[in-house]
Amino acid sequence: MGSRRDSASKPADRTLADVPLEEEVVVVRMEVAGEDIEPLLERGIVPGCKVCPVRHSPAGGPTVYRVDGHLIALRRETASCLCVRSALEAAGVLDAN
Amino acid sequence: MSNGAQSASIAPAPAVASSPGHPRVALVGPPNSGKSTLFNGLTGLRQKVANYPGVTVERRSGVVVEAVGSVEVVDLPGVHSLSPRSLDQKVTRDFLTGRLEGDRQPEAVILVLDGTRLKTHLMLADPVLGLGLPTLVVLTMADELKRRGGGVDVRLLSAELGVEVALVNARDGASLEPVRRFLRALHTGGEEIRACPVVSAADATTAENVHGRALPVIDLFAERRKRARTLGRSAAFQDPRPSDITHRIDSVVLHRLWGPLVFVATIAVVFEAIFTAAVPLMDGTEALVAASGEFVARTLPESWFRSLLIDGVWAGVGSVVVFLPQILILFAFIAILEDSGYMARAAVIADRLMHRVGLQGRSFLPLLSAYACAVPAVMAARAVEDERDRIATIFVTPFMTCSARLPVYALLIAAFIPAGPLIGPLGMRAAVLMGLYALGLLAAIGTAALLKGTLLKGRPHPFVMELPPYRMPSLRSIGTRLLDRTKVFLRRAGKIILTVAVVLWVLTQVPSGPSGEPPEIGDSALGRMGQVIEPAIEPLGFDWRIGIGLVTSLAAREVIVGTLGTIYGVESEDDQSFELQAALQQDLDLGSAVAMLIFFVFALQCMSTVAVMRRETGGWMWPALQFTYMLVLAYAGAWVANALL
């Protein structure tokens, strides 16, 4: 999943930080180091899950995302470690369940 | 235990009967799953809070009395998985596997999952069922699931998991009957308890390997999530609609403009409550402590014992008890804010600012609490998951202006700062008071930045904050929390204050005169200590009398007011006392008075805080460092003030 082959056929993946509000995307790769990844995984943010930004908090604070029907706030720097594809596009590539 | 390793899975009922005490059931579940509400619903007031040995994780247990016998229920900390990533998760895992020192393994497990969030919460099912203990799965929030158009077939889920499943409203006692039936089965050996989860070899190894890191962690969770979804599908789980009311409240509370306003207004209301509304209650408590002290004094004959009781114990413990109304009000607000779901939003709003100074959104609550008292604030810092951020938060909380500083500020400001206006309606005295608050806050910010740049340096961990749907806080849960927070506070603060008060009392009594009468304060051991430290505090403009005050204020800051009253032989120890002010004006000038104010802004004169720090950081290293650091800052600040003014 972490290989480079996808860059040949597709434009470079966006990160979750670039996704506009209300656009549903699928996480394809997580570039979070070491143990830091567990808090995300435990809350259901794993490769293949659907995520949708629903609200920016004031003054550039964390953004609120909907993941599996509940709300999780992430800082921009964390969101930018999550590579995503739009949900429609990913449906053909990944089993998004 | 020689070769009977497999016996547990064959005959659970006799094993239960032979274990000492009541059979024990553990409540496991993710945070915000309704676990504590269920725990309160089951145990009522028959619960106690303690710490697991050697760590700062709270151990909550209670007894459920049923006709067939009692069951001990242990409410484990909220966890998302059993990997030992955090202390909470490590304790949970060790408790469930019986590896926790001094605690035996529970006979059964109740896995509590939020029924509206099954898709994610079912990820915890594999590791917990993989333990092989008799398990009941409780799905909470049945009413909310239904109201928002979701649903789940409990029987199908039960068949898939191989254990009993119950759908309940944790707040509705009647709906807890299946849970009680499960508890009763521990005594009767009913079939609920015999139904051990069917553990496939794969699941068992998965559960073991979370900490062995045999599988890449990312694949493990992807696997678990897939399994959770399959389970959900087989159980005809229907996702509830997103909570409409939550969406609407969030669009105000997290709004670009209204969000920060609501945030500031919330803080203002909490401040108003703890500083204004609490005052009559605190005065009442103070009067009660004084009256009861007088009563005891009148009843007992004049003796050293009476003096110890009144001047030592009553004065010392009274100084803590007086703050209780304020702390109760603070706890009530915290409980309401947390249970309603707003606290998570406040953390999100505060995160950017906090992150800039090296802390994070979750540090906001402890820092706010610290304006009342640092002791509950240090305990509240447990909410900060990240260890470095937690230590940094604990380290800076004593800089926030706690209410024990107020009597000292009030006395010195009244004695040395003229009452006239400064700018417009802002009086000189109010301005100085605000300045002292600001100075404390600045010191906290500077210290946090300093720590994160040096001792606690490192890559910032991600900030992952769940925003639970808004819910109406229940009176019962707020009441229960108030009660147990208060118990913990009194136990922590009371013990140390009592000890220090008695020691100080002894120091004022020795060496006694020829006929056994206590010495003049200047001749007592305490007075000598004041004189010994006089050369050290002279550069700050303080004499030995203030020195004695500083020594006694190590116990608790406000104690200095009473001590100075005693030293100057002032009858009324009221901090508004003009006599005391006049006496102080003889000994201090403006420079040394400001020096003293600044000393009190910075110095860690509170043994209760030191004790709770030691407890929460697991050693003397951090409190010792903090005490020294704050003392150096206090000394330097006071010296500069005295030199300049």
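Quick notes on this one:
- Fraction of the pair-distance distribution of the stretch B:428-572 above 28 Å, Cα-Cα pairs, percent: 53
- For the stretch B:31-81, the C-alpha radius of gyration sits at 1.21 times the compact-globule guess of 2.2 N^0.38 Å, with N the residue count.
- FRET efficiency for A:A59 and B:F275, using Cβ-Cβ distance with R0 set to 25 Å, rounded to 0.05: 0.35
- For the protein assembly as shown, the residue among B:V348, B:A415, B:L456 whose Cα projects farthest onto the positive side of the dipole built from Cβ charges is B:V348.
- For the stretch B:55-92, the residues whose amide N sits under 17 Å from a probe point set 7 Å from the Cα of B:M621 along the beta carbon direction are B:55-56, B:87.
- Pairwise centroid distance, computed over Cα atoms, of the stretch B:35-89 with the stretch B:494-564, Å: 44
- Share of pairwise Cα-Cα distances greater than 49 Å in the protein assembly as shown is 25 percent (whole percent).
- Our estimate of slack between B:V506 and B:M472, defined as 0.36 nm per intervening residue step minus the Cα-Cα distance, is 7.1 nm.
- Distance from the Cα centroid of the stretch A:18-97 to that of the stretch B:584-607 is 53 Å (rounded to whole angstrom).
- Most to least packed among B:496-504, B:471-479, B:112-120 [average Cβ atoms within 10 Å]: B:112-120, B:496-504, B:471-479
- When the convex hull of its Cα atoms is viewed from all sides, the stretch B:253-330 shows a mean projected area of 5.7 nm².
- Exposure of B:F323 as accessible area (Å², to 10), given a probe of 1.4 Å and all protein chains: 30
- Solvent-accessible area lost on pairing B with A (1.4 Å probe, both sides summed) amounts to about 3700 Å².
- Inter-probe distance in nm under a simple model that places probes 7 Å from Cα toward Cβ, at B:A265 and B:E520: 6.1
- Computed over protein heavy atoms with a 1.4 Å probe, the carbon and sulfur contribution to the accessible area of chain B reaches 63%.
- Sorted peptide list for B:543-549, B:482-488, criterion being average Cβ within 10 angstrom, highest first: B:543-549, B:482-488
- Placed amide H near B:S70: partners under 5 Å, 5+ positions off or other chain: none
- With a cut-off of 14 Å between beta carbons, the residues surrounding B:A372 carry a summed charge of +1, where Lys and Arg count +1 and Asp and Glu -1.
- Residue mean of other protein chain beta carbons inside 10 Å, A:49-58: 5
- When each of the peptides A:71-77, B:335-341 is scored by how many other beta carbons lie within 10 Å of its residues on average, the order from highest to lowest is A:71-77, B:335-341.
- Where labels lie 7 Å past Cα in the beta-carbon direction, separation of B:E579 and B:L450 in nm: 4.2
- Potential lengthening of the chain between B:M428 and B:D153 amounts to 92.2 nm, from the contour at 0.36 nm per residue minus the alpha-carbon distance.
- For the stretch A:6-93, a Kirkwood hydrodynamic radius built from all Cα pairs, placed in the Stokes-Einstein relation at 37 °C and 0.692 mPa s, yields a translational diffusion coefficient of 251 µm²/s.
- Note on B:R104 and A:E77: the model spin-label points, each 7 Å out from Cα along the C-beta direction, lie 4.9 nm apart.
- Shielding of B:340-346 by partner chains, average beta-carbon count, 10 Å: 1
- Shielding by partners for peptide B:452-464, expressed as the average number of C-beta atoms from other protein chains within 10 Å of each residue's C-beta, is 4.
- Solvent-accessible surface of chain B, taken per residue with a 1.4 Å probe and all protein chains present: 43 Å².
- Gain on full extension, evaluated as 0.36 nm per residue between A:D13 and A:S86 minus their Cα-Cα distance, stands at 25.3 nm.
- Legend: Rg and Dmax of the stretch B:311-370, from Cα coordinates, 15.8, 48 Å.
- Across the alpha-carbon set of chain B, the Rg to Rh ratio works out to 1.03, Rh being the Kirkwood radius.
The values are calculated or read from the model by the stated rules, or taken from the named source; none is laboratory data. Computed from a predicted model, the values in this text were never measured in an experiment. Virtual Cβ from ideal backbone geometry, glycine too; neighbours counted across all protein chains shown. The protein model used for the area step is the full one, side chains on, heavy atoms only, and it has no ligands, DNA or RNA in it. Shrake-Rupley method; radii C 1.70, N 1.55, O 1.52, S 1.80 Å.
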